[in-house]
Amino acid sequence: MPDLLIELFSEEIPARMQTRAADDLRKLVTDGLVEAGLTYAGAAAFSTPRRLTLSLDGLSAESAVFKEEKKGPPVDANPKAVQGFLRGLGLEGTDSWYASQIDALKNGEVLNFDSSFVTTQELKGKRVLFATLEYPPRPAADIIAEVLENAIRNFPWPKSMRWGSGTLKWVRPLHTILCILIDEAGAEVVPLDIDGITSGNTTRGHRFLAPDVFSVTSFDDYEVKLKRAKVVLRADERAEAIWSDATTQAFALGLEVVEDRGLLAEVAGLVEWPVVLLGRIGDDFLGLPPEVLQTSMKEHQKFFSVRNPKTNRIERFVTVANMETADQGATILAGNQKVLAARLADAKFFWENDLRVAKAGMDPWLDSLANVTFHNKLGSQKDRIERIAALAREIAPSVGADPDLAEQAARVAKADLSSEMVYEFPELQGLMGRYYATEAGLPAEVAAACEEHYSPLGPSDDVPTAPVSVAVALADKIDTLTGFWAIDEKPTGSKDPFALRRAVLGIIRLITGGDHRLQSFHSHLMALIADHLGYSDQEVEQLKELMTQLENVSDIASELSSNRLTPEKAKYLTDQLRSEVGRKKGEAQVLGEQIATKLQTADQMASDLLSFFHDRLKVFLKDKGIRHDIIDACIAMPGNDDLTLLVKRAEALAATLATDDGENLLQGFKRANNILTQAEEKDGVEYSYGADLKFAEDPSEKALFEALDAADAKIAPAMANEDFSTAMTAMAALRGPIDAFFNTVQVNDERQVVRRNRLNLLSRIRKICLSVADLNKIEG
Amino acid sequence: MIDKPRSFQEIILRLQTYWAAQGCAILQPYDMEVGAGTFHPATTLRALGDKPWAAAYVQPSRRPTDGRYGENPNRLQHYYQYQVLIKPSPPAMQDLYLGSLKAIGIDATMHDIRFVEDDWESPTLGAWGLGWEVWCDGMEVSQFTYFQQVGGHDCKPVAGELTYGLERLAMYVLGVDHVMDMPFNDPDAPIALKYGDVFQQTEQEYSRWNFDIADTDVLLQHFVDAEAECQRILDAPAVDPKTGRKIIMAHPAYDQCIKASHVFNLLDARGVISVTERQAYIGRVRNLAKACADAFVQTPAGGAAA
């Protein structure tokens, strides 16, 4: 069984694309070979900055015989059609040759060619042509050449380019193709010519350390010779060497390297021959916040940070060169230190300028946020801060935060966006805010909120628990959501440019994680959306002014401006406004109609936003193992805008349904509900008059009465206390009596009195169960 | 041991000599204010069409917002770029480039030279390409780009472009920490001049003018005028009634595009362009660049049949 070695040697491939590209090469080639009838035992792909390599072992020397059947037209169809079918099989001849072949086929003869043949077969009363094609085995080399060319021409690079005068596309110019097939007899080049790049059995080593061309005879030979030519083929081996060397060097000085997997992978993709150099950070810069040092070194220079565990300061750096030099890297390290010093001088300059502004109270930053557009339909960052501050103040009591502190925190939480440091390193937003708020002498809770109010960002990100941080984090996200909902910039499909899904998940985690209860969340969303839509007190005042003479309407207007909106109130006011204003003329009518429309729109948008919350909540709870139908059963209940309550209800229901009693109760409920629904449809009445014990005959029937009374007595107070677990346990306890009832009693008794009473009894089951959750929504 | 250059100008002279030896036409700087060497028509326009091209030149470049009154060690509102454009890009373009580093005294066996992904895009020129920034011991010393599109036209064949930031590169080679301290001519010359002797004062003067004095109303008018003139030039009939020849005026039109682009940079430095307006201005310059590119490919130099 031969082995195959392929290397595509090019100019430097971006580090971030290498791993994926090696994988794509493996997949494209192996899929292509298998499809063409070859098999292989193993495949491994590798990448360095300048090469993609694929090694296959145990490849079959030729493809398996491949058979295929093709159905053609009826033999007596238009001769042109028959001729076309034969030509499609590769049979070429003159018209008279075709005619003679068709006659032969009509006579039932078999037309043989190569290892294939054409016959006629009866099919639905017609004699139809059938070709049985047999393809002879093809040598592996032919197939490889075809498959590799196809892979190169259709390679899925995230971005590719042309070069010189060619039309071939590759990530950067492709220079050579090594493609050899190795068996006992030795290595053979698989011939290939792609736009003038011909295949061979040679490659090159390190660009500077071993640039000469050398030939290889097998994968092992290739890997060994590459290493001799200062190229480590395997990315994980390079990464490991970097990490082990870096940590050893740091350890020798009593220091530790700050772990950064992403950076390690990237750096391993920037070098073929890693040489780890440990450098110093100038004393001038050691006073910078460690995150600033770390970010500056990583972003600009791809350096690892080295920390002194005693002081917790970043004191050194590790850079990884791609070069061995006569001076053991002294020149390289000196150069890197110099570049770093220039970078850090910038960072220090920013830091010191920022500190001056921070210590003076950050006012210039806050003022300049007025000139920073948040979104052209949602005003400036300053407008947004005003809204968040008001909202944070309002939310504060619900999350146990001091309203003054929450408002203060919201006012400064975005100040760092104007700082020079955050302008330079946007990823330090929030963190710098914390440093600057601390320097400004603000309370620790406020400083913490500056950093934490962006959280949680991802599903695995920590959720802040400090009340002031929670209040600002919620206000920030709620403002974002209501704003984008109001301007109709909702996420669609995979598009979510403003990360609104993430904001919703953040709110869910903040609220439910802290057991917080936001009162009248739906109304609140609506009022905020109305604000975004431009529903303003001034507008209402203006309406009032216009309508002072009109008694009814002025009442409505004062009602409008007096209290917080609720959907119910909005609907009432909308109707009132329209009926009153409709009869008036002029400005008042227009304005009244405008306000009514805004209120109605805000209400619809708030409902839509709330159901977006519910969708995200389903995803969130699904990850916690709670099925979507269980959540649906809870969302169908009143008070579904209280997310904490909703989650508790869903958790309790999931726990109940997981028990034997719960599962059986569900069946009992469904049975009761089915019988009842059918009867109600048939009779055209609703059986909810209350069943009477005196018509109960069977002991199981009487027992069910008692059990329902007992359940009622437990469930109603438990529900009032939001103690879902007790309520649902009491509900599940009905399972026995319900089962016993159905086992012994026929509901549809011939006597109407007994039947009606039993239906009314079923109605009690339904009522009790539905008071806990909408069990109709539960599947199964 | 490689023989090291001793002054800023020696580095420039060595680059000129090196690229001349590689067969490039050594052009002179374009006589207009531009933000980068790429704006020189020898790059922007000559990257278009199928005519082979090889040119190298120094281009004084102006970035008004980078002005620091001559105080920052390496930020300047006026600086020099060295630009090379070869079309079609030769297969050994990387090796040619490394040869140029050797020519200015960077010994590849002693340094760590790396090609780090950096895709280039110019929204004002409607252009993009793929390539790298080249690092020497962690410092970016050049940009290396294979042009894919300019002015909305595919580059066929592809031109390879090199841009060296001369001050930064020279400071590195000469071991200077502040640009103003860098020897401009031979440090042993009877009248030895440092970079600061030549440019310290102008950096101050231009920083003040760029940031505070430039008349924004006048500049806004210049922008509008350049835009209109560019369009007017391109709208003129292809055949010149006086000579009876087909003369499409791609270059004069492109001069107006360059002008508009620079005026935009000045307005930006004056802080009178808001975030939303910014995009609109960039779009307007891009439209001019595209129109000029459209015109250039209709000319003989742009590959049109004569």
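The values are calculated or read from the model by the stated rules, or taken from the named source; none is laboratory data. Model, not experiment: these values are computed from the prediction. Heads up, the Cβs are rebuilt from the backbone with ideal geometry, glycines too, and the neighbour counts pull from every protein chain shown. Please note that ligands, DNA and RNA were not included when accessible areas were found on the heavy atoms of the full protein model with its side chains. Shrake-Rupley method; radii C 1.70, N 1.55, O 1.52, S 1.80 Å.
Overview of values
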read-out: Residues of region B:98-131 that turn out to be closer than 26 Å to residue B:262 by Cα and aromatic (Phe, Trp, Tyr), as a count; value: 2
read-out: Any strands (runs of 3 or more DSSP E) falling wholly within region A:244-353 and containing at least 1 residues that are open to solvent by less than 50 Å² (accessible area, probe 1.4 Å), away from every other protein chain (no Cβ under 14 Å) and polar (S, T, N, Q); value: A:304-308
read-out: Close pairs (9 angstrom Cβ cut-off, 6 or more residues apart or separate chains): hydroxyl-bearing (Ser, Thr, Tyr) in region A:192-212, open to solvent by 30 Å² or more (accessible area, probe 1.4 Å) and part of a loop (DSSP other than H, G, I, E, B) anywhere; value: A:198/A:191; A:199/A:191
read-out: Given (1) farther than 25 Å from residue B:160 by Cα; (2) touching a residue at least 12 places away in the same chain (Cβ under 8 Å); (3) open to solvent by 20 Å² or more (accessible area, probe 1.4 Å); (4) hydrophobic (A, V, I, L, M, F, W, C), number of the condition residue A:185 does not satisfy; value: (2)
read-out: Strands (runs of 3 or more DSSP E) enclosed by region B:64-181 - at least 1 residues per element that are among the hydroxyl-bearing types (Ser, Thr, Tyr), crowded, with 20+ Cβ neighbours inside 10 Å and facing chain A (nearest Cβ under 10 Å); value: B:139-150
read-out: Among the candidates A:676, A:704, residue that is within 48 Å of the chain's Cα centre (by Cα) and surrounded by 14 or more Cβ atoms within 10 Å (Cβ to Cβ); value: A:676
read-out: Positions within region B:207-263 being over 23 Å from residue B:59 (Cα atoms), in contact with a helix residue (DSSP H, G or I) (Cβ under 6 Å, 6 or more places away or on another chain), aliphatic (A, V, I, L, M) and free of Cβ contacts under 8 Å to residues at least 40 places away in the same chain, in sequence order; value: B:233
read-out: Cross-chain or 6+ apart pairs with Cβ under 7 Å, region A:628-644 first and touching a residue at least 60 places away in the same chain (Cβ under 8 Å), then open to solvent by 10 Å² or more (accessible area, probe 1.4 Å) and in a loop (DSSP other than H, G, I, E, B); value: A:629/A:779; A:633/A:774; A:636/A:774; A:637/A:774; A:642/A:517; A:644/A:515; A:644/A:516; A:644/A:517
read-out: Matching strands (runs of 3 or more DSSP E) fully within region A:56-160 where at least 3 residues are open to solvent by 20 Å² or more (accessible area, probe 1.4 Å) and among the charged types (D, E, K, R); value: A:66-74, A:126-135
read-out: Filter pass, residue A:236 being of a type in the set (Asp, Glu), closer than 28 Å to residue A:319 by Cβ and more than 14 Å from chain B (Cβ to nearest Cβ); value: yes
read-out: Qualifying residue in region B:183-200 (condition: modelled with pLDDT of 95 or more, within 20 Å of residue B:35 (Cβ to Cβ) and open to solvent by 30 Å² or more (accessible area, probe 1.4 Å)); value: no
read-out: Yes/no for residue A:78 being among the polar types (S, T, N, Q) and either within 14 Å of another protein chain (Cβ to nearest Cβ) or over 30 Å from residue B:156 (Cα atoms) (or both); value: yes
read-out: Of all residues in region A:165-182 being in a loop (DSSP other than H, G, I, E, B) and surrounded by fewer than 21 Cβ atoms within 10 Å (Cβ to Cβ), the one that is nearest to the other protein chains (Cβ to nearest Cβ); value: A:165
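Yes/no per residue for (1) out of contact with any helix residue (DSSP H, G or I) (no Cβ under 8 Å at 6 or more places or on another chain); (2) within 29 Å of residue A:272 (Cα to Cα); (3) of a type in the set (A, V, I, L, M, F, W, C):
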position: A:26; (1), (2), (3): yes, yes, no
position: A:33; (1), (2), (3): no, no, yes
position: A:36; (1), (2), (3): no, no, yes
position: A:46; (1), (2), (3): no, yes, yes
position: A:56; (1), (2), (3): no, yes, yes
position: A:66; (1), (2), (3): yes, no, yes
